[in-house]
1. With a sphere of radius 9 Å drawn around the Cβ of Leu241, what net charge do the other residues whose Cβ falls strictly inside it have (Lys, Arg +1; Asp, Glu -1)?
2. Which listed residue (Val77, Leu355, Gln125) has the Cα farthest towards the positive end of the charge dipole for the chain, taking +1 on Lys and Arg C-beta and -1 on Asp and Glu C-beta about the Cα centre?
3. Note the angle between two axes, namely the Cα long axis of helix 124-140 and the longest principal axis of the Cα atoms of the chain, as a number of degrees from 0 to 90, rounded to the nearest 10.
4. Where does helix 151-163 land angle-wise versus the long Cα axis of the chain, in degrees 0 to 90, nearest 10?
5. Quick check on region 115-164: take the gyration tensor over C-alpha atoms, sort the square-rooted eigenvalues as a ≥ b ≥ c, and tell me if it's rounded (a/c under 1.5), prolate or oblate.
6. Bin all alpha-carbon pair distances of region 182-288 at 10 Å intervals from 0 and give each bin's fraction as a whole percent.
7. What are the ³J(HN,Hα) values, in whole Hz, obtained from phi via the Karplus relation 6.51 cos²θ - 1.76 cosθ + 1.60 with θ = phi - 60°, for each residue of region 336-341 in sequence order, with x given for Gly and Pro?
8. Using the Cα gyration tensor of region 221-369, with a ≥ b ≥ c the square roots of its eigenvalues, what is the shape: rounded (a/c below 1.5), prolate (a/b larger than b/c) or oblate (neither)?
Amino acid sequence: MGGQVSQVEGVHVVVVGGGFGGIAAAQHLKSQGLSFTLIDMRDAFHHNVAALRASVQPGFAQRTFIPYAETFADSFVQGRVERVDIERQTVVLQGGREIQYTHLILCTGTDGPFPGKYNAVASYQTAVEAYEDFIKKVQAADSVLVVGGGSTGVEMAAEIKTEYPDKKVVLIHSKVGLADPELLPCVRQQAKELLTQFVSLGQKVSNLSELQLNVTRKNTEVTTDKGETLTTDLIISCTGLRVNSAAYASALSGCMTDNGALRVNQHLQIDGFSNIYAVGDCTNVREPKMAYHAGLHAAIAVNNIINSLSGKELTSYQTGNITMLLAMGRNDGVGQFNGFRLPRFLVTLGKSRDLLLWKSWKEMQQKQP
Ligand SMILES: Cc1cc2nc3c(=O)[nH]c(=O)nc-3n(C[C@H](O)[C@H](O)[C@H](O)COP(=O)(O)OP(=O)(O)OC[C@H]3O[C@@H](n4cnc5c(N)ncnc54)[C@H](O)[C@@H]3O)c2cc1C
């Protein structure tokens, strides 16, 4: 993204949400010397790509939270954005504090079930404890049922089986194909072959709403829509991500899709607003929702703010061939790079060993504990 732009009088960019998209945007703004505020309701960035390992391996969770303040100092504000006032170019935080912007980047992402996502608003030390407590529940269970065979469910099942090979694990999935539908069929097939002994495809848990998740209860009965009954000690849900639209729902309701995502143009601006951008999982860009893509969006959004300030043409975001790696526990993996299947050992080296934690700690310019 070239060198620094000279500080532009009166320009202040507000970034709402410090997930993968938000920290990338903030880092680009920082390196360009632009005035900005990053707002998140929590005190630390959560590298949720590694959340599933943190759910099974004791002592791992502390590496998955990176405090914002150490990286962004006074440019970070902790708080929940309740609404955006478009007329006054202001975001309003819970408690009434207002922060003015000339440009806004919305990166509020998604929430979903624990342990894939950490939803509570609590200190990162509390979050680390929640993962360590969860490990004890996994350890106390002889059998575990993972509900949902998308990429998260596949990785969850593989993490449990790698760390605790003697436990009985069942992965139940409503569809016949496992993992992300955008993956190459041969990559999905590989994932299926690796999990073949404990996967149950083409059926749904029918009494999920009555069941307690993430609690060890010996011999809990679970029924499926195909009339099967199975018993398990622990149920983990890996389905149902929801877009976090609360921050912008009142101001930008006309720009939202049915699931709460923001409609963006090719420059990642919200339709009809040249100074408001959206990045990452809260956009309607047609591609798998991934940390990797959120980072690419962030670079485009910041670049376009700079281009618009200097009267240059805006850059367009192009979706491309899919790069996606699935960690099948720490010793195996399947995936593809730019649309081509990768050998398993490369995925293991590239992702499964460290789950790309090094990248986030480097981006946050902090030393990994
Ligand atoms: C278990 C799991 C494994 C994954 N593995 C991979 C992988 O291997 N590779 C990959 O590329 N992707 C992976 N993903 C997907 C990836 O995590 C997401 O695509 C990515 O997190 C999206 O980043 P984001 O910045 O858009 O949003 P998020 O990471 O969801 O961050 C949103 C942030 O906004 C904050 N926020 C929301 N609303 C407000 C508000 N009103 N006020 C203040 N703050 C707010 C939240 O606190 C949060 O910090 C995985 C996802 C999961 C769940």
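1. So the surrounding residues net to +1.
2. The listed residue farthest towards the positive side: Leu355.
3. 10
4. 50
5. Numbers: a/c = 2.51, a/b = 1.44, b/c = 1.75.
The shape class here is oblate.
6. Over region 182-288, the share of Cα pairs per 10 Å bin runs 11, 27, 22, 25, 13, 1 percent.
7. Along region 336-341, the couplings run 9, 10, 6, x, 10, 5 Hz.
8. Oblate is the answer for region 221-369, as a/c is 1.5 or above yet b/c matches or exceeds a/b.
Since every read-out is calculated from the coordinates, none of them should be taken as a lab result. Because the structure is a prediction, the values reported are computed rather than measured. Using ideal geometry, Cβ is built from the backbone for each residue, glycine included, and neighbour counts are taken over all protein chains shown.
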